[in-house]
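Remarks on the structure that follows.
Quick note: the coordinates plus some simple rules give every number you see, no bench work behind them. Remember, predicted model here, so these are calculated numbers, not experimental data. Don't worry about glycine lacking a Cβ; one is built from the backbone with ideal geometry, like all the others, and counts go over all protein chains shown.
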Amino acid sequence: MEKVIDMRGVVKHYQMGEMEVRALRGIDLSIESGEFVAIMGASGSGKSTLMNIIGCLDELTEGEYFLDGEDTLDLEADDFADIRNRKIGFVFQSFNLLARTSALENVELPLLYNRNVKMHEAREKAEASLELVGLGDRMDHEPSQLSGGQQQRVALARALVNDPALILADEPTGNLDSKTSVEVMKLLQELNNKGITIVLVTHEHDIAEYAKRKVVLRDGHKIEDSLINERRNAAADLKQMPVEEF
């Protein structure tokens, strides 16, 4: 299998005034194509810093990081932006959708920066991406006309539209109720079953159990990297949840 993420001895230090903060202290991490990995850790564990480095949002201090075979070590700012757009689809806790802009237009946004995609192709790809997440009948709706779960589906469609090597989901259920959270995890499991590589950053143990593998950080060190033996099935969990009455 191809390695989508290949990190060796990754160190990240921050300077906070006169104090040096050692956020990551020699992380080795390999994630192969088609995996579904949950990254966990308490506040201050280095979880967010690792996510930022995986997402090419921050540079490492020492070590090596290959993203889908590309060395990120000496990339300039423009190169980082390019590799993010080509290789990574981001899903955030706060959805990050543009208001007064349709779901379709929100999903098209990443394609506006892709010089290889023509305008009519962008529209077709965005429509296909929304169909994939079950929002083919909501393409013209603005975020204010969609539920929280539907907004997160739009965000997922936007993350998928460039056919990225990796979906990086940062606390994607953090602003959602329990049932909607499971619905989002069901969609992530379905996408992973299609071969899409997913890295999920979460502090919720029950959400992490929908992944296939768990990586736990503490004080900048990786203290656990294990397969999830009793993996939760989101589709089955949804069937067990009570039907809401209005």
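Please get the size of the charge dipole for the chain, origin at its Cα centre, with Cβ charges of +1 on Lys and Arg and -1 on Asp and Glu, quoted in debye to the nearest 20.
On the way: 28 positive and 44 negative charges, 89 e Å.
Charge dipole of the chain: 420 debye, to the nearest 20.
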Scalar couplings 3J(HN,Hα) for the range 40-53 by Karplus 6.51 cos²θ - 1.76 cosθ + 1.60 (θ = phi - 60°), nearest whole Hz, x for Gly and Pro, are 10, x, 6, 4, x, 7, x, 4, 5, 5, 4, 4, 5, 6
Given GluC sites (Glu not before Pro), DSSP loops and at most 11 other Cβ atoms within 10 Å, the longest exposed-site-free stretch of the chain is 77-229
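Which value, in debye to the nearest 20, describes the size of the charge dipole of the range 121-246 about its Cα centre when Lys and Arg Cβ atoms bear +1, Asp and Glu Cβ atoms bear -1, and nothing else is charged?
On the way: 16 positive and 23 negative charges, 88 e Å.
Dipole about the Cα centre, nearest 20: 420 debye.
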Listed by chain and number, the aspartates and glutamates with an alpha carbon less than 12 angstrom from that of LYS118, same-chain partners under 8 positions apart left out, are GLU108
As straight-line cross-link partners of LYS179, the qualifying aspartates and glutamates (C-alpha separation under 17 Å, not fewer than 8 residues apart within one chain) are GLU171, GLU190, GLU204, ASP206, GLU209, ASP237, GLU244, GLU245
In a Gaussian network model of the chain with springs linking alpha carbons closer than 10 Å, the residue among LYS214, LYS194, LYS179 that fluctuates most is LYS194
Checking ASP74, ASP170, ASP219 against a Gaussian network model of the chain (alpha-carbon springs below 10 Å), the top fluctuating residue turns out to be ASP74
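So what's the back-of-envelope 222 nm ellipticity for the chain, counting only DSSP H runs of four-plus at -39500 (n - 2.57) apiece and dividing by all residues, rounded to 500?
Values: 8 runs with 79 residues, N = 246.
Dividing the helical sum by the residues of the chain leaves -9500 deg cm²/dmol.
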Once both label points are put 7 Å beyond Cα along the C-beta direction, the THR61-ARG115 separation in nm becomes 3.6
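So how strong a dipole does the range 28-123 carry about its Cα centre when Lys and Arg Cβ are +1 and Asp and Glu Cβ are -1, to the nearest 20 debye?
Working: 8 positive and 18 negative charges, 161 e Å.
Charge dipole of the range 28-123: 780 debye, to the nearest 20.
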Taking placed amide H atoms and a strict 5 Å upper bound, the residues 5 or more places from GLY26 or on another chain that come that close are VAL10, VAL11, LYS12
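State whether the chain is rounded, prolate or oblate according to the following rule on the C-alpha gyration tensor (a ≥ b ≥ c being the square roots of its eigenvalues): a/c under 1.5 gives rounded; otherwise a/b larger than b/c gives prolate, and the remaining case gives oblate. Working shown, then result.
Working: a/c = 1.79, a/b = 1.26, b/c = 1.42.
Here the chain falls in the oblate category.
What does the extension gain come out to for GLN240 and HIS141, with contour length at 0.36 nm per residue minus their alpha carbon separation?
Details: separation 99, 0.36 × 99 = 35.64 nm, distance 3.03 nm.
Computed gain between GLN240 and HIS141 is 32.6 nm.
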A correct Karplus calculation of ³J(HN,Hα) over the range 57-66, with 6.51 cos²θ - 1.76 cosθ + 1.60, θ = phi - 60°, whole Hz and x for Gly and Pro, returns 9, 8, 9, 7, 8, 9, x, 10, 9, 10
In degrees, nearest 10, the alpha-carbon axis of helix 77-87 is tilted away from the dominant principal axis of the alpha carbons of the chain by 50
Rounded to the nearest Å, the spacing of the alpha-carbon centers of the range 178-246 and the range 93-156 is 23
Beyond 26 Å (Cα-Cα) in this structure, taken from LYS47/LYS239; LYS12/LYS214; LYS87/LYS214, we find LYS47/LYS239
Expected vector for the range 160-171, Karplus 3J(HN,Hα) from phi with 6.51, -1.76, 1.60 and θ = phi - 60°, integer Hz, x for Gly and Pro, equals 8, 5, 8, 6, x, 6, 8, 9, 10, 10, 9, 6
Comparing THR180, THR202, THR61 in a Gaussian network model of the chain (Cα, 10 Å), the one with the largest mean-square fluctuation is THR61
Here the FRET efficiency for ASN233 versus GLN15, based on Cβ atoms and R0 = 51 Å and rounded to 0.05, is 0.65
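In Å, what Kirkwood hydrodynamic radius results for the range 108-220 from the alpha-carbon pair distances? Provide the component values of the computation, followed by the final result.
Numbers: mean 1/r = 0.0661 Å⁻¹.
Taking the inverse mean of 1/r over all distinct Cα pairs, the range 108-220 comes out at 15.1 Å.
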Taking Cα atoms, the helix 178-193 axis meets the longest principal axis of the chain at an angle in degrees (rounded to 10) of 80
